Amino acid sequence: LKGDPEAQVPTRPAQWAGGQRAAAAMAEQLARIFGTEEDRVNCPFYFKIGACRNGDQCNRLHNRPTMSQTLLLSHMYPNTPESLALANDEPWDDDMYDRAQQHLEAFYVEVFLELANYGEIEDLVVVDNLCDHMIGNVYVKYYHEEDAERALMKLTGRFYSGKLIQAEYTTVSDFREARCRAFHETRCNRGAYCNFMHIKHIPRAIKRRVVREMYDDHPEYLGQTSSRRRDKDRKEKGDKGDKDRRSRSRRRDKEKKGDRDREEAPPARQTSEERRAMIASWNTDREGGGAIS
């Protein structure tokens, strides 16, 4: 071999640096594709909507969370014949729509206020899908994980409309990401058997009413929210506040020092014109008797 053999062999630090860069690139790639169709390990549907049509037979992993702000209440909503017909795009009239909507709104108010007994609710949605793994699913998102934990414990073993409530933590954290955009913006070609959420419409007046009733029944939620927000703001602004206080302190010290310097400094020397004008003013005051008009 020609040349220095040691020069042809990469040093150990160089090998480590190359390995670290490769590992960082791989971690970035895995984080980018996690929960997407490109992810061949984790199920994207379970990650986004907390349910999968293949169930336990899915060939991808269903990572069940051990803690979450959101609970999935599987198949809790008892669909009426009218709501099933509407979801399936069957012919309908105004009376059929009104009956389905009244039933939905009554369910929403009752369930929302009952679940609010366990903690402050951020959102509650009922899906319109008819596929086996999503029909009647209800999602409730609390502001705090400990409230969701309390609700899960209290709901275990309870019944609604003659059926056992099946409550579990879900990976869903943003309903906008879980919903079917085509259904909410125009029209979904897959219909009620789409694998993304078709969220039933709840009027804003109903939502505002139940939120107001929640705070009327549990005024302590307002205090908890404002207290937690203040703690978070103080934590985020702690360093900035220290810097501001130090800056204000330095500025006050500088101003005090400037005031002392101005007080201790001798009076500025007057020019000859200023002295002559001052003497003329004294003479005028003396001749006029010193009266101030």
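The values are calculated or read from the model by the stated rules, or taken from the named source; none is laboratory data. What you are looking at is a predicted structure, and each value in this text was computed from that prediction instead of being measured. Heads up, the Cβs are rebuilt from the backbone with ideal geometry, glycines too, and the neighbour counts pull from every protein chain shown. We work out accessible area using only protein heavy atoms, side chains counted, and drop any ligands, DNA or RNA first. Shrake-Rupley method; radii C 1.70, N 1.55, O 1.52, S 1.80 Å.
Some values worked out for this structure:
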{"item": "Every residue from the stretch 52-75 that is farther than 21 Å from Glu149 by Cβ and touching a residue at least 40 places away in the same chain (Cβ under 8 Å)", "result": "Cys52, Arg53, Gly55, His75"}
{"item": "Exclusive hit being modelled with pLDDT of 95 or more, of a type outside the set (D, E, K, R), under 25 Å from the mean Cα position of the chain (by Cα) and open to solvent by 70 Å² or more (accessible area, probe 1.4 Å), set Tyr118, Tyr143", "result": "Tyr143"}
{"item": "Subset tally (residues that are hydroxyl-bearing (Ser, Thr, Tyr), open to solvent by 80 Å² or more (accessible area, probe 1.4 Å) and at pLDDT 95 or above) for the stretch 185-231", "result": "0"}
{"item": "Residue count, the stretch 54-83 (criterion: open to solvent by 80 Å² or more (accessible area, probe 1.4 Å) and not in a loop (DSSP other than H, G, I, E, B))", "result": "4"}
